[in-house]
């Protein structure tokens, strides 16, 4: 099973936009990442986001190039301070690939929990608009397969 963890792209400051929609820089970085992902022909069962506008916009943009049989949907358990055990348990039931679009520190804590068994161990240095691909083997062990960040696509 593949798990794609995505930190939302850069958002506007709250003073500028209380809803924190994506900034121009955020949209540009997503264009680069989307173009790269398009060439990988990624297929997932679903693309899930936290419901915050910046995560929703990021998920919808990636949904244009990532084939998803169930589409893009909001879900619970992906907000910045949510317990990563929520998705650790849900992923045990998943057999198909999933993309989760969320926030820090949540994504860092979830990746640490999956890969090392410790949510406080940093295993990935997430970047806004970046995608981390984790894979679960037949024994249930997770590993980092690849990472793409907008900065290397310049």
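Condition check for residue 8 on (1) buried (at least 20 other Cβ atoms within 10 Å of the Cβ); (2) farther than 19 Å from residue 129 by Cβ; (3) touching a helix residue (DSSP H, G or I) at 6+ places or on another chain (Cβ under 9 Å): one failure, at (2).
When residues in segment 120-148 are screened for being surrounded by 13 or more Cβ atoms within 10 Å (Cβ to Cβ), touching a residue at least 24 places away in the same chain (Cβ under 8 Å) and closer than 24 Å to residue 29 by Cα, 12 of them pass. Only one of the numbered conditions (1) in contact with a strand residue (DSSP E or B) (Cβ under 7 Å, 6 or more places away or on another chain); (2) touching a residue at least 60 places away in the same chain (Cβ under 8 Å); (3) surrounded by 13 or more Cβ atoms within 10 Å (Cβ to Cβ) is not met by residue 73, and that is (2).
Residues to consider are 93, 89; find the one that is under 18 Å from residue 1 (Cβ atoms), exposed (fewer than 14 other Cβ atoms within 10 Å of the Cβ), at pLDDT 95 or above and over 15 Å from the mean Cα position of the chain (by Cα). It is 89. Selection over segment 79-99 of residues that are out of contact with any helix residue (DSSP H, G or I) (no Cβ under 6 Å at 6 or more places or on another chain) and under 22 Å from residue 22 (Cα atoms) gives a count of 3. Would you check which residues across segment 13-47 are assigned to a helix (DSSP H, G or I) and either touching a strand residue (DSSP E or B) at 6+ places or on another chain (Cβ under 6 Å) or within 15 Å of residue 131 (Cβ to Cβ) (or both) and list them? Of everything in segment 13-47, those that are assigned to a helix (DSSP H, G or I) and either touching a strand residue (DSSP E or B) at 6+ places or on another chain (Cβ under 6 Å) or within 15 Å of residue 131 (Cβ to Cβ) (or both) turn out to be 26, 29, 30, 31, 32, 33, 34, 35, 36, 37, 38.
The values are calculated or read from the model by the stated rules, or taken from the named source; none is laboratory data. Keep in mind the model is a prediction, meaning the values are calculated, not measured. Don't worry about glycine lacking a Cβ; one is built from the backbone with ideal geometry, like all the others, and counts go over all protein chains shown.
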